[in-house]
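S.K.: First the structure, which I've put down as structure tokens, then a few questions once you've had a look.
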Amino acid sequence: MVFVNTRPGEVVPGPLRAGWLAQLHPGVAVVEVAHDLPTDFADQTLWDRWMDLLRSRWPHRDGPHAVFASDGYVDELAQRFGASPVAIDPGRDTVPISATRIREAPGEHLDYLAPPVRAWVEATWLP
């Protein structure tokens with residue numbers, strides 16, 4: 001299962017991003033998690049709100065057994081779920097790009113985008 005966290009007003013709409021993932025990985029359940037929560041890993045009350053949100057969208061009786069992420073929050077998130085953390089290329093050595101860098105300069109990073117994403121970026125986002 002893949003959670004796609006989305007906020008109102010994002011440059012690339014959440015439902016579109018979730019749809020791309022579902023299209024590119026047809027055997028994977030993709031769940032859009034729409035929210036307006038800020039991110040502050042030092043705020044324990046905010047962590048509780050995040051966990052309530054994520055648990056509310058988790059469709060299974062038991063929580064996840066593993067949590068996969070490239071970002072540093074993976075350990076804390078996995079611990080809160082009672083799961084094992086799996087850090088995926090946290091140093092960006094295998095795939096030397098982040099979503100932040102792509103958003104900052106999409107035209108410079110088109111080769112990192114899957115075909116339907118690249119087509120949308122070229123048609124919608126670039127001048």
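Here is a yes/no grid of residues against (1) more than 14 Å from the chain's Cα centre (by Cα); (2) aliphatic (A, V, I, L, M):
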{"site": "VAL11", "(1), (2)": "yes, yes"}
{"site": "LEU21", "(1), (2)": "no, yes"}
{"site": "ARG55", "(1), (2)": "yes, no"}
{"site": "LEU77", "(1), (2)": "no, yes"}
{"site": "ARG80", "(1), (2)": "yes, no"}
{"site": "ALA87", "(1), (2)": "no, yes"}
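S.K.: Something else now. Name the one entry in ASP48, ASP40, ASP36 that is among the acidic types (Asp, Glu), surrounded by fewer than 11 Cβ atoms within 10 Å (Cβ to Cβ) and without any contact (Cβ under 8 Å) to a residue 60 or more places away in the chain.
M.R.: Testing whether each residue is among the acidic types (Asp, Glu), surrounded by fewer than 11 Cβ atoms within 10 Å (Cβ to Cβ) and without any contact (Cβ under 8 Å) to a residue 60 or more places away in the chain leaves just ASP36.
S.K.: Anything in the stretch 61-107 that is hydroxyl-bearing (Ser, Thr, Tyr), loosely packed, with under 11 Cβ neighbours inside 10 Å and assigned to a loop (DSSP other than H, G, I, E, B)? List them, or say none.
M.R.: THR94
Let's see how each residue does on (1) outside the structural domain of TRP20 (by TED's automatic domain parsing); (2) hydroxyl-bearing (Ser, Thr, Tyr); (3) under 22 Å from GLY14 (Cβ atoms):
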site	(1), (2), (3)
THR45	no, yes, no
SER70	no, yes, yes
VAL74	no, no, yes
PRO116	yes, no, yes
VAL121	yes, no, yes
TRP125	yes, no, yes
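S.K.: On the basis of being touching an Asp or Glu at 6+ places or on another chain (Cβ under 7 Å), in a loop (DSSP other than H, G, I, E, B) and surrounded by fewer than 15 Cβ atoms within 10 Å (Cβ to Cβ), does VAL28 make the cut?
M.R.: Spelling it out, it is not the case that VAL28 is touching an Asp or Glu at 6+ places or on another chain (Cβ under 7 Å), in a loop (DSSP other than H, G, I, E, B) and surrounded by fewer than 15 Cβ atoms within 10 Å (Cβ to Cβ).
The values are calculated or read from the model by the stated rules, or taken from the named source; none is laboratory data. Quick caveat: nothing in here was measured; it's all calculated off a predicted structure. No Cβ is skipped: glycine too gets one built from the backbone with ideal geometry, and neighbour counts run over all protein chains shown.
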